[in-house]
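Just below is one structure, and these are the notes that go with it.
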Amino acid sequence: MTRSVTTRRSTVGRRAARTAMVLGATAGLTYSLPSLTTLRRLRLRVTPNLAGIGAADHVALTFDDGPDPVSTPQFLEVLAELDVQATFFVLGSLLADSPALAREMVAAGHELAVHGWDHRPMLLRGPRSTRDQLERTRDLVAEVTGRAPQFVRPPHGILSTGLLVAARDLELTPVLWSAWGRDWTAEATPRSVLATLAPDLRGGATVLLHDCDCTSAPGAWRSALGALPEIAARCDDAGLRLGPLAEHGLPGPGP
């Protein structure tokens, strides 16, 4: 009798453990499922708004990972010469070190958006940590510039359910990109950036570049900087407006 009871208890224990494993795996899959949008071709087809597909006569110019007191001012100078404004997805930790630079960016007509407090992938964070990353950066942008940000792009473009929920609560619109220049590598040059962008540089595109090398090869930002005049020229030749996400015609966050 005792052996029978023990056997039943052991069986029940194994079933409970298996159930817990299945539920845990299901929860993990659900939390990470949005990360599939990291696949650019997939998000272009399934979630064009998330890919940053906007007005047909406009190209959104965006930069990640700044602000940096060495590199970002050089982007501001070139953009001023081109009479082009852009959206900068900033890291809160860097923004805290360069508030005057952030105010200069906004004064020049550029838009600041949320990238996170640091560059650790959001998929490695739980919901509470994810919200803290977004909220701290959002609040700092608003405090420093007097303007609440509208958009959020997670580090590496990797989404999670926690990020989507937090973005909705904080009234931030997630936007990734539809065109990039692969400007973060040691081998990148202005010519390689332009060649990589070329197939996707069309009306409605959101372009991803970097104004800082804090997570890139040292000095890699120079490849993006050198490509800017030709990017602007190609858009002009095609009759396309080049500017920030605020002018791109994307829908805002859900109710």
| Any idea what the dipole of the stretch 116-255 comes to, in debye rounded to 20, about its Cα centre with Lys/Arg Cβ at +1 and Asp/Glu Cβ at -1? | 280
| query | Contour minus end-to-end for Ser192 and Arg136, with contour as 0.36 nm per residue of separation and end-to-end as the Cα-Cα distance? | reply | 16.6 nm
| message | I need the trypsin sites (Lys or Arg not before Pro) found in the stretch 98-192, filtered to DSSP loop residues with at most 12 other beta carbons within 10 Å of theirs. | response | Arg147
| note | Note: Ala233 to Asp57 extended length (0.36 nm per residue) minus current alpha-carbon separation gives 61.9 nm
| task | Express in whole angstrom the spacing between the alpha-carbon centres of the stretch 180-226 and the stretch 130-173. | result | 24
| query | What nm distance separates the two modelled labels at His119 and Arg147, each placed 7 Å from Cα along Cα→Cβ? | reply | 2.5
| field | 11 Å cut-off, amide nitrogen to a point 7 angstrom out along Ser129 Cα→Cβ, residues in the stretch 195-233 | value | none
| said: Going by average Cβ density within 10 Å per residue, which order do the peptides 218-228, 109-119 take, highest to lowest? | reply: 109-119, 218-228
| Glu81 paired with Asn49, simple spin-label distance in nm, labels 7 Å along Cα-to-beta-carbon | 3.9
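No value in this document is a laboratory result; all are computed from the given coordinates. This structure is a prediction, so every number in the text was calculated from the model and none was measured. In this analysis, Cβ positions are derived from the backbone assuming ideal geometry, glycine residues included, and neighbour counts consider all displayed protein chains.
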